[in-house]
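Shown next, in structure tokens, is the structure this report addresses.
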Amino acid sequence: MTQTSPLPVQEDALPRGFRFAAVKAGIKPSGKPDFAVAVADKSVSAAALFTANKVKAAPLTVGGEHLAASGGQVRVVAVNAGNANCATGEAGLAACRTVCEAAAKIFEAAPQEVFPSSTGIIGVPLPAEKLVNALPEIDRSLAADAAHFAAFSQAILTTDTRPKIAAAKIDVDGKEVRIAGVCKGAGMIHPQLVPHATMLVYIFTDAAIAPPILSALLRDAVEVSFNRISIDGDTSTNDTVLLLASGASGTKVDVENAAFASALREVCTSLAKQIVADGEGVTHVVELQIEGAASDADALKVAKAIAHSPLVKTAWAGSDPNWGRLMAATGYSGAEVEPERIAIWFGDQQICIHGGRVPEFDEQRAHAYLKNPEFSIRIALGIGAGQCRFWTTDLTTEYVHINADYST
């Protein structure tokens, strides 16, 4: 049985085999905690997915190299917030490696067993010495409890207004297996994670899972969660999802374990939806339900076209039931479309049938429904069995203010 919980993670839900800490390294101008570290009791299995953006931050390059060199083994995760260490050239790579080498020395790990991450402003040199100088304090404060896990989740934030945590517990052959994850992200969110402000996701489990199996499980979970959200349509240079398996539960999990796969998807979906809900300037969270497409890929094309349309998103900001904008976005999405087959619902109210407005269209009722902070829109293309769910947001003037002033 799967049990999922939003934050805060209770003590008995925290995966065994990991310790956490967060400190103020002096990267964030605010002076808030900005350096989060997770240390495994021993080297653990790891799998990661990175942004599809061709401009990648230094820690993604180094992290990928380290996973390849270690054979998918990680001992330390080191995350700084306030500086993306992106577009920083060779100096950025050197700074990242300096932090990894220092962390490896303190925590008695191989440098390639240190997984780095960064988030914040692009194009600013990373002051590696600040992170290196903070490592002894990290070492002193590490602990395997919910409070330190929560501190880790808080220190990785940038423009987020709140931490994001999700957890699940399942029974595998009579033993309890735990999964818990944290993430950050509020802007610059339209993840396109291979293969298929920044999103960083760290998920921990105490199941025993070999790296190749862990990678397959992660890819499947990410495809229906983090690859199904968008706030502003921008794909970050730093997007990263990391999954670590300590094996501390003593329970092996393989790729055919449906209970674990389901629990992992639930944790990922919860975190993804929390990112959307905390989007910069967001006043409405929208679930798009696309069905009847020629394929799942076509359904996703329609969802993305709608989610990325400024005309649609600004209409949602004003609770304006302008369904014609949905039709237009569907039409240019690149999906196979037969306009006369399209039907649209706002919640349980049908708006469009056979490609035209329903005769009994109640505009005031539709307007009232779109005033809800969360609502769903269902679009049936009437062609095939393709479908998808996608979560997105409106676009408000507050989003403009946040991003107009971000670096100044």
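The values are calculated or read from the model by the stated rules, or taken from the named source; none is laboratory data. Just so we're clear, the structure is a prediction, and the values are computed from it rather than from any experiment. Don't worry about glycine lacking a Cβ; one is built from the backbone with ideal geometry, like all the others, and counts go over all protein chains shown.
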Confirm whether THR330 is in a helix (DSSP H, G or I), touching a strand residue (DSSP E or B) at 6+ places or on another chain (Cβ under 8 Å), among the hydroxyl-bearing types (Ser, Thr, Tyr) and not assigned by TED's automatic domain parsing to the domain that holds LEU217.
-> yes
Can you name every residue in segment 269-282 that is out of contact with any strand residue (DSSP E or B) (no Cβ under 7 Å at 6 or more places or on another chain) and part of a helix (DSSP H, G or I)?
-> THR269
Answer yes if at least one residue in segment 149-160 is crowded, with 24+ Cβ neighbours inside 10 Å, among the β-branched types (Val, Ile, Thr), in the same structural domain as LEU264 (by TED's automatic domain parsing) and out of contact with any Pro (no Cβ under 6 Å at 6 or more places or on another chain), and no otherwise.
-> yes
Can ALA299 be described as in contact with a Phe, Trp or Tyr (Cβ under 6 Å, 6 or more places away or on another chain), buried (at least 24 other Cβ atoms within 10 Å of the Cβ) and closer than 22 Å to HIS354 by Cα?
-> no
Do the conditions hold for ALA221, that is, is it among the small types (Gly, Ala, Ser), in contact with a strand residue (DSSP E or B) (Cβ under 9 Å, 6 or more places away or on another chain), in a helix (DSSP H, G or I) and at pLDDT below 95?
-> no
Working carefully through the options THR330, THR396, THR392, find the one that is polar (S, T, N, Q), over 24 Å from ALA294 (Cβ atoms) and surrounded by 16 or more Cβ atoms within 10 Å (Cβ to Cβ).
-> THR396
Those residues of segment 236-254 that are surrounded by fewer than 20 Cβ atoms within 10 Å (Cβ to Cβ) and closer than 23 Å to CYS388 by Cβ come to a total of 0
Taking ALA272 as meeting all but one of (1) closer than 23 Å to LYS371 by Cα; (2) outside the structural domain of THR159 (by TED's automatic domain parsing), write down the number of the exception.
-> (2)
Residue within segment 283-297 that is over 30 Å from ASN83 (Cβ atoms) and assigned to a helix (DSSP H, G or I) present = yes
Does VAL312 qualify as being under 25 Å from the mean Cα position of the chain (by Cα) and not assigned by TED's automatic domain parsing to the domain that holds PRO15?
-> yes
Which of the strands (runs of 3 or more DSSP E) contained wholly in segment 1-97 include at least 2 residues that are in contact with a strand residue (DSSP E or B) (Cβ under 8 Å, 6 or more places away or on another chain) and surrounded by 24 or more Cβ atoms within 10 Å (Cβ to Cβ)?
-> 18-23, 35-50, 73-83
